[in-house]
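The block underneath contains the structure these notes are about, expressed in structure tokens.
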Amino acid sequence: MSKTGLALAALYLALIAICLGFAFGGNGDPKGRFVFLQLPIAPRLALLQALGLSALAYGLRARTPSR
């Protein structure tokens with residue numbers, strides 16, 4: 001793996017950790033939690049759509065935390 005790839009992966013992992021922290025930390029409303037849980041997924045889906053591979057994402061199921 002290249003150093004650039006590792007740096008981008010680490011940056012993406014940090015983004016996911018921050019979004020999860022905002023989603024599950026404190027007493028946020030359910031809509032805000034939903035938005036923060038979607039943020040790490042949105043760039044990947046946009047890339048699939050840009051590459052014309054968005055049909056691959058239609059079979060995926062969303063998993064939401066239950067309370």
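The values are calculated or read from the model by the stated rules, or taken from the named source; none is laboratory data. Computed from a predicted structure; not experimentally measured. When we count neighbours, we look across all protein chains shown, and the Cβ atoms used for this are built from the backbone with ideal geometry, even at glycine. These area figures cover heavy atoms from the full protein model, side chains too; ligands, DNA and RNA do not enter into them. Shrake-Rupley method; radii C 1.70, N 1.55, O 1.52, S 1.80 Å.
Structure notes:
- Region 19-35, residues that are in a helix (DSSP H, G or I), surrounded by fewer than 11 Cβ atoms within 10 Å (Cβ to Cβ) and of a type outside the set (Lys, Arg): Pro30
- Taken together, the residues in region 1-18 that are under 22 Å from Phe36 (Cα atoms) and open to solvent by 90 Å² or more (accessible area, probe 1.4 Å) amount to 4.
- Each residue in region 36-58 was checked for being modelled with pLDDT under 80 and open to solvent by less than 70 Å² (accessible area, probe 1.4 Å), and 2 pass.
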